[in-house]
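Down below is the structure, laid out as structure tokens.
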Ligand code: PBG
């Protein structure tokens, strides 16, 4: 038998494999999500996310410097307030923790990194939902849009370059675009979390932001069973004027990511969420998988499926290793 095709030929040596790699990682396409907590003066570890902390304003600034010197593309900020209420007042207060952190980040690294902010009410509401509730206790879509518009103005005023709409309310991109344009913030960009699924992989994040949520988010986040619906959500966000769209989580939704990137004419990002981080860290801590290889493989797979950039809690560490260091920064 004459074998005509020998794919193994190109796998024979490390230089050959490096040369023919179809997907490469660059620090510039990594975005670091960061948590800043009000009222603490030392960072607080998040037990379900070893290596990730709730930052004090001080530790936040030094982590921003580390991120900038590693050359990542940007940071996505989340605030953890002391006080919560039914409408999430802290989200729109200019002295609310997220807005304070945003101004600090812009002053610290605004020239080097794209400072981005998470626009959602869940960290700020006492019931933990992403929107405000109606009299029957249901998340009220259109009343929430008004809060999102106010929150967007607060983020833009604080200097956010790109506002991430993660709440999954219908029409949120259009509502926020309108509010920004009406207040002369037409240069502030919008990241639509277009296809965001109601996922168990957000578990550790709930600890990270001290979430008050009882129940779940299945009336606004998507059913994991639905693939086509991811395309519908992406189409709606693009039509409403999103500058970038996202698929989230990443690893269990690579089919959706691939579909969305095939139809999108704007950048498509993916969020490697807290549970994806926790699974790899936990297995590696047991010695069950090779931590460095698993991290790089997971991020490459997300890029290969079609993400132009990846939000990952390993962003700074991976960027350092791409710059020639080892993954744990030694
Ligand atoms: C909601 C929000 C969540 C995450 C990012 N934004 C949690 C949720 O929807 O329940 C999860 C991110 C992660 O798990 O890493 N504001």
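The numbers here are math on the coordinates, done by the rules we state, and not lab data. Note that this is a predicted model, so its numbers are computed, not measured. When we count neighbours, we look across all protein chains shown, and the Cβ atoms used for this are built from the backbone with ideal geometry, even at glycine.
Structural remarks
- Degrees between helix 291-304 axis and first principal axis of the chain (Cα, 0 to 90, nearest 10): 80
- Using 0.36 nm per residue and subtracting the Cα-Cα separation, the extra length available between residue 22 and residue 150 on full extension is 41.8 nm.
- Look at the alpha carbon pairs under 8 Å that are at least 6 residues apart: their mean separation over the length of the range 25-322 gives a relative contact order of 20 percent.
- Relative contact order %, the range 200-330, counting alpha carbon pairs below 8 Å whose residues are six or more apart: 24
- At 1.306 mPa s and 10 °C, Stokes diffusion of the chain via Kirkwood alpha-carbon radius, µm² per second: 78
- For the chain, the longest principal axis of the alpha carbon atoms and the long axis of helix 141-158 meet at an angle near 80°.
- With an a/c value of 1.5 or above and a/b larger than b/c for the gyration tensor axes a ≥ b ≥ c computed over the alpha-carbon atoms, the range 261-318 is described as prolate.
- If R0 is 45 Å, the Cβ-Cβ spacing of residue 112 and residue 286 corresponds to a FRET efficiency of close to 0.75.
- In terms of surrounding Cβ atoms within a 10 Å radius of their Cβ, 219, 92 rank from fewest to most as 219, 92.
- q = 0.12 Å⁻¹: log10 I(q)/I(0) that the Debye formula gives for the range 25-146, counting C-alpha atoms only: -0.48
- Using the Cβ-Cβ distance between residue 293 and residue 69 with R0 set to 25 Å, the FRET efficiency from 1/(1 + (r/R0)^6) comes to roughly 0.50.
- Two-site FRET efficiency, residue 6 against residue 279, from Cβ-Cβ distance with R₀ of 56 Å, rounded to 0.05: 0.95
- Binning all Cα-Cα separations of the range 188-231 at 5 Å, short to long from zero, yields these whole-percent fractions: 5, 18, 24, 23, 16, 12, 3.
- Set of the range 242-261 residues, backbone N closer than 18 Å to the point 7 Å along the Cα-Cβ line of residue 178: 242-243
- Rounded tilt (10° steps) of 57-70 against the dominant C-alpha axis of the chain: 30
- Gap separating the Cα centres of the range 151-208 and the range 271-330, nearest whole Å: 25
- Rotationally averaged projected area of the range 195-330 (alpha carbon convex hull; nm²): 9.5
- The range 1-129: relative contact order as a whole-number percent, Cα under 8 Å and 6+ apart: 24
- In nm, spacing of pseudo-spin labels at residue 95 and residue 301 (7 Å Cα→C-beta vector): 4.7
- Likely footprinting exposure, 155, 127, 286, fewest C-beta neighbours within 10 Å first: 286, 127, 155
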